[in-house]
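The values are calculated or read from the model by the stated rules, or taken from the named source; none is laboratory data. All figures in this text were calculated on a predicted structure; none of them were measured in a lab. Here the Cβ is made from the backbone with ideal geometry for all residues, glycine too, and neighbour counts use every protein chain on show. Just so you know, the surface numbers come from the protein's heavy atoms only, side chains and all, with ligands and any DNA or RNA stripped out. Shrake-Rupley method; radii C 1.70, N 1.55, O 1.52, S 1.80 Å.
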Amino acid sequence: MKQRLIVAALGIPALLLILLAAPAWATAAMCALLSAVGCYELMHAVGRDEWKLLCLMPLFAAWMCTSIGLGEEWTPEPGLYMAAACFVAVVYTFAMAVVTHGRERSLSFRTAMAGLFAMSAIAAGFACLVILRDISPAVVLTPFIGAFMSDTGAFFAGRAFGKRKLCPAVSPNKTVAGGIGGFVGSI
């Protein structure tokens, strides 16, 4: 808990500074880094040791996030870069599946799909922060406010009314009441 508070005390002001005051390239660089870390975390959680076979996926995620987020101002054809990143990632994933087929440590379909999903969806989500920043500094805070309200609603509803576990195999402390409170808090 202490570590989370320290990270929040340092991380939230740094995040706000980069999102609201830094130049667009700094926001895109931060989002590309967060996209790569998010991709790595999801693949590590899903594939256990298999994620090592798709170790380049976080780099593809950062590439996609940057090309989507910075748009035509920085890259002449952002759609072309995004399509190239997707194509290279699919070919890379297919090649790893073929090369490791029949071996003890082969690439499972689940890990391959998690890698492709993480690379594309997480990158697109973080790229949206760069796009929202260009609209207005206040607009970029909207996803964060929604997430904080949802977490707060889930925490207090789960503490007050939570008895029945939501999905103990995934997260043992989450309750049905907390899930409902998170939904209501986000509205």
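A few comments on the model shown:
- Test: residue in region 139-148 that is without any contact (Cβ under 8 Å) to a residue 24 or more places away in the chain, at positive phi and over 17 Å from the mean Cα position of the chain (by Cα): no
- Residue check, PHE156 touching a Ser or Thr at 6+ places or on another chain (Cβ under 7 Å) and either within 21 Å of TRP25 (Cα to Cα) or not in a strand (DSSP E or B) (or both): no
- Which numbered condition GLY11 misses (of (1) of a type outside the set (Ser, Thr, Tyr); (2) modelled with pLDDT under 80; (3) more than 18 Å from the chain's Cα centre (by Cα)): (3)
- For region 23-36, a residue qualifies if it is farther than 18 Å from ALA85 by Cα, open to solvent by less than 50 Å² (accessible area, probe 1.4 Å) and modelled with pLDDT of 80 or more, and the qualifying residues are ALA26, THR27, MET30.
- Among the numbered conditions (1) modelled with pLDDT of 80 or more; (2) surrounded by fewer than 17 Cβ atoms within 10 Å (Cβ to Cβ); (3) in a helix (DSSP H, G or I), the only one that LYS163 does not meet is (3).
- Considering LEU129, LEU116, the condition of being assigned to a helix (DSSP H, G or I) and more than 22 Å from LEU17 (Cα to Cα) is satisfied by LEU116 alone.
- Listed conditions (1) exposed (fewer than 15 other Cβ atoms within 10 Å of the Cβ); (2) within 19 Å of the chain's Cα centre (by Cα) are all met by THR152, apart from (2).
- So MET96, is it in a helix (DSSP H, G or I), at pLDDT 80 or above and either farther than 27 Å from LEU19 by Cα or open to solvent by 60 Å² or more (accessible area, probe 1.4 Å) (or both): yes
- Yes/no for PHE183 being touching a helix residue (DSSP H, G or I) at 6+ places or on another chain (Cβ under 9 Å) and either outside any helix (DSSP H, G or I) or surrounded by 14 or more Cβ atoms within 10 Å (Cβ to Cβ) (or both): no
- Total residues in region 37-92, condition surrounded by 17 or more Cβ atoms within 10 Å (Cβ to Cβ), acidic (Asp, Glu) and at pLDDT 75 or above: 0
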